[in-house]
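Just below is one structure, and these are the notes that go with it.
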Number of protein chains: 2
Amino acid sequence: MNLSKVAEKLGITVDRLQSLQDTKISESSWPEPQLLRFDKEISGIEAGTVIFGNGEIVWGYPSIRRPLMLEAAIKRHFIDSVVVEEKMNGHNVRIASIDGDIVALTRGGFICPYSTEVAEKLLPEEIFEEMPGLVLCAEMVGPENPYVSSEAYPTDSIDLYLFDIAQKNRRGTLGVHKTHEIAERFGLKATAFFGEYPLKTAHERIKEIVIKLGRQGREGVVMKDPENRVAPLKYTSSESNCSDLEIAFRHYNDYALDFFLSRAVREGFQSVEWEESEEERRERARRIGESILFPLTETIKKKQQGETIAQRIQIRVKSLATARGFEYHLRRCGIRAIFDPPLPEDDGYTIGITKIIMSTNDKTEALLNGEMW
Amino acid sequence: MNLSKVAEKLGITVDRLQSLQDTKISESSWPEPQLLRFDKEISGIEAGTVIFGNGEIVWGYPSIRRPLMLEAAIKRHFIDSVVVEEKMNGHNVRIASIDGDIVALTRGGFICPYSTEVAEKLLPEEIFEEMPGLVLCAEMVGPENPYVSSEAYPTDSIDLYLFDIAQKNRRGTLGVHKTHEIAERFGLKATAFFGEYPLKTAHERIKEIVIKLGRQGREGVVMKDPENRVAPLKYTSSESNCSDLEIAFRHYNDYALDFFLSRAVREGFQSVEWEESEEERRERARRIGESILFPLTETIKKKQQGETIAQRIQIRVKSLATARGFEYHLRRCGIRAIFDPPLPEDDGYTIGITKIIMSTNDKTEALLNGEMW
C-alpha cells in the first residue's frame, strides 16, 4: 500500500495515518481482500471508512440525523425544496468492486459474506465493468435479511434498493438525481421517490406519507436536498417507533438504554406536532403500552416454560462457503448464532439460524429465580 | 477528632482512614455541626455514613434490594417468615442528636435544614434525653415534602414515619420489634405493619396488600425478617411504577436512562407472576402507555406555549433561617430552585418554590426549534 497516496486521499498526513494504524484503525484480513477499518470517526473521517490493500478507499456513509419536530426542522435545515424518499427497514451496505470482485461492506466496514453473495446475485454484471469507481449505497430488506427481518416489502427472500451512490477514493455522495439515473440505467431498484416539495408545505405532505407508510408496516422517510447541498434527515412512523420498542422490550437486557427513551420521546413530539385529538392520543398511548408490556410478558413466560430467548431467522445461499463465512462474520460481530443443517434447494440452500439473545436470556432466568434487579 | 478511635469504630486502620480523608471522604461544614461524609460505599462502609466532628458516627442506611418475582425471591431470601410493612413514598432521613442538637441526615449524608426543622417539630423532646445514642430511620412524607411530594398520606403538610432504628457508632439496625417498641414508647408514627406471614403463603398476602395500596395511590411494601437476620426487600404497586414513569417522562431529559427501563420491566414481571387475564394485561399496558405519552405531550405543549418546564413545591417553616438554609442545601445538591417571598402564617411561613427542570427545559426548546435528537 502506498501510504502517502492513501494519506493524501484521506486528507491527513502520512505520520498521522501511521500513528492511527498503530492505534485506532483495525485490520481485517477476512474475507479477502484485506482491509483497514475506521471503527469510529477519527480526524473527521467517517466511521466505517475502509482502506483496501490495493490503496482504494470507500468512505463511511454519514449517519442521518433525526428531527423530532418536522416542520421546524425542514424550514431550518433545507434551502428551498425537499425531496422525500422512503426510509426502508433493513441493513445498509456499500457495494463496490475491488480488483474485479464485488464486496458488500456493513456500516462498520466489515465485508459481510452473505450481503456480498446477495449483491453478486442481484446486480447486473456490467455495472462495475462500465463504472469501476462506483460505490452503491443500498438497503437490503426482506424476510431473509438476517440482521433486520421484515415482511413489509415485496420479496419473499431479500432484495436490494439503491438509496445513494458514491465513488471510490472520493468523499461525499452524488445525491438523488444521479442515484435514480444509475438505478434506471442498470435496471436496479431504488428506494421509492415520493416527490419534491417546497419548504413551506413539505411537512404536510410528509405527514400524509408517513401515516400511510406506517399503516403498511413501513418505516418512514428520508428527506434530501435535491442538489445534495445539505445532509439528509430522517423521520419515522409511529408504527415503526412502536415496533422498535416491541423488539427492544422482547430482548430488554440486550439493548442500549437510550434506545428505549428515544422511541418514546419521538412519539411524544409526533403527537404534539400532529395536534392529535384526545382519542388519537389515547390510541397512540395504547399502542406504546402494548409495545412495551406484551413482548416483555411473552419473553418472561417463554423463559418460565424453559425455552431459550432466541430469534429465528433464515438465509438462502448459493454456496455453503457463504454460510460458513456468514457464521464466522456473526461471531466476530459478537452475535451468538446456531446454524441448522442446510436444506438443499433448487439453486443452493436455505439455512435456519437461531440467534441467542444471551443477556436477556440469563437476566430473565435469574429474575425468575428470585434474584434482585 | 480522635482518628484512631474513629478508625476503630469504622473497622479500618488509621492509615486507611487518613488516606480516605485525602481522597474519598468529603467534608461538610454547613450547617453545623461539621462532618465528614462517605459519598459512596468505600471499604465496606455504606454510602451516606457520616463522622461528626466530635468523633460520633452515623452509619448509612443500606439500600434495599428489589425482587421482580415475589414468590421465588421470598422463598429464596427469607428464613421462616416475613414481616410486611408499608414502603412509603417520600425521602428517608436518619435523625440523631449530636452534642445536644437534633440533625436530620439525607441519604447522601448531608444535614438537610428543612428536614431537621421538621424533625425538631415532630419529635418529643425527651426521646434523645432518654436515649442519646439513638438514630431514628424515618420516612418523611406529605404534600410539603420538597423532594417527593405526595398527597397519598393523612397530612396536609409533612409527616414522619419511623421504619427502623439504629445506634450511633454501631453498624446495623435494630429491626422490626425494637422499632415499633420505640415508636409506641415515644408516641411516634411508624410505617404500617401489615403482619407476619409464613414463607409459603406470604407472596399471596403481599399481592393483595400491594394491589390495595396501589389503588390508594401508595407505593408498596418492605419485607423484613422478623429477627433482622437477613436484609429487607422491597416491592411496589403497578400504580407506583407507572407514577414513576409519569414523573420521569414529564422531565424526560433529567432522569437516568435505566430509570425508564427498570419501571417497565417491573410491570412485565408483575403481570406474569400475577397471571393476569388478557383484559387485565391490556389495562396495564394502557396504564403504562398513558404514563409515558401524556406527561411527554404535556411537557412539550407547555414549552410550545412558552412556559418553563418546572415543578412547583411548597414548604412550611418556623424560621426564615431554615428556608435560607434549605435554599443553599438544594443548590449544593445541584437542584436549581427559585424561592417565592415567604408568606407569614400562624406559626411561621409558607414558601412556594419553583424547581427548574433545566435539562428537559433546554432540550425540549431545542427540539421544538427543529434541532435533531
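Where a number appears in this text, it was derived from the coordinates with a stated rule and is not lab data. Treat the numbers as computed from the prediction; the structure is a model and nothing was measured. A quick note on method: Cβ atoms are made from the backbone with ideal geometry, for glycine too, and the neighbour counts reach across all protein chains shown.
What does a probe at residue B:5 reach in the stretch B:28-51, counting residues whose amide N is under 15 Å from the point 7 Å along Cα→Cβ? Answer for this model: B:51.
Taking a quarter of the surface of the convex hull around the Cα atoms of the stretch B:3-58, what do you get in nm²?
Computed as one quarter of the Cα hull surface, the answer is 3.4 nm².
With both labels modelled 7 Å from their Cα along Cα-to-Cβ, the residue B:277 to residue B:101 distance reads 6.1 nm. Going by a ≥ b ≥ c, the root eigenvalues of the Cα gyration tensor, does the stretch B:310-356 fall in the rounded group (a/c under 1.5), the prolate group (a/b larger than b/c) or the oblate group? Since a/c reaches 1.5 but b/c is at least a/b, the shape of the stretch B:310-356 is classed as oblate.
I need the semi-axes of the equivalent ellipsoid of the protein assembly as shown: take the C-alpha gyration tensor, multiply each eigenvalue by 5, square-root it, list largest first in whole angstrom.
Semi-axes from the Cα gyration tensor: 56, 29, 28 Å.
Take the Cα of residue A:362, go 7 Å toward its beta carbon, and the backbone nitrogen atoms of the stretch A:309-350 under 15 Å from that spot belong to A:309, A:334-337.
Can you tell me the relative contact order of the stretch B:238-304? Whole percent, Cα pairs under 8 Å, sequence separation 6 or more.
Taking the mean separation of contacting Cα pairs over the length of the stretch B:238-304, I get 52 percent.
If you run the Gaussian network model on chain B, springs between alpha carbon atoms under 10 Å, then out of B:160, B:261, B:296 the most flexible one is B:261.
Remark: the stretch B:87-99, residue by residue, has Karplus-estimated 3J(HN,Hα) of 9, 9, 9, x, 10, 9, 10, 10, 10, 9, 10, 10, 6 Hz, where x stands for each Gly or Pro and the curve is 6.51 cos²θ - 1.76 cosθ + 1.60 at θ = phi - 60°.
For peptide A:61-69, what's the mean number of Cβ atoms from other chains within 10 Å of each residue's Cβ?
Values: counts 0, 0, 0, 1, 3, 2, 6, 10, 8.
Mean inter-chain Cβ contacts per residue within 10 Å come to 3.
Could you pull out the pairs from B:207/B:234; B:121/B:318; A:87/A:212; A:5/A:40; A:40/A:363 whose alpha carbons sit more than 18 Å apart here? Result: A:5/A:40; A:40/A:363 exceed 18 Å.
The mean number of partner chain beta-carbon atoms within 10 angstrom of a residue's beta-carbon across peptide A:275-286 is 3.
Note on residue B:301/residue A:227: beta-carbon distance plugged into 1/(1 + (r/R0)^6) with R0 of 51 Å gives a FRET efficiency of 0.90.
The 3J(HN,Hα) values that the Karplus relation (6.51, -1.76, 1.60; θ = phi - 60°) gives for the stretch A:39-45 are, in residue order, 5, 10, 5, 9, 6, x, 9 Hz. Gly and Pro appear as x. When Rg and the Kirkwood radius Rh are both evaluated on Cα atoms of chain A, their ratio Rg/Rh stands at 0.97.
Ranked by the mean number of other Cβ atoms within 10 Å of their residues, highest first, the peptides A:119-125, B:108-114 come out as B:108-114, A:119-125.
Once both labels are positioned 7 Å from their Cα atoms along Cα-to-Cβ, the gap between residue A:129 and residue A:34 label points is 3.1 nm.
For the stretch A:1-31 versus the stretch B:16-84, the inter-centroid distance based on Cα atoms is 51 Å. Peptide A:294-301 shows a mean partner chain C-beta count of 5 within 10 Å per residue C-beta. Over chain A, DSSP H runs of length four or greater, each weighted -39,500 (n - 2.57), average out per residue to a 222 nm ellipticity of -12500 deg cm²/dmol.
For chain B, the relative contact order is 15 percent, taking Cα pairs closer than 8 Å that sit 6 or more residues apart in sequence and dividing their mean separation by the residue count. Note on residue A:207 and residue B:81: the model spin-label points, each 7 Å out from Cα along the C-beta direction, lie 6.4 nm apart. Highest mean packing first, where packing is the average number of other Cβ atoms within 10 Å per residue, the peptides B:146-156, B:235-245, B:17-27 line up as B:235-245, B:146-156, B:17-27.
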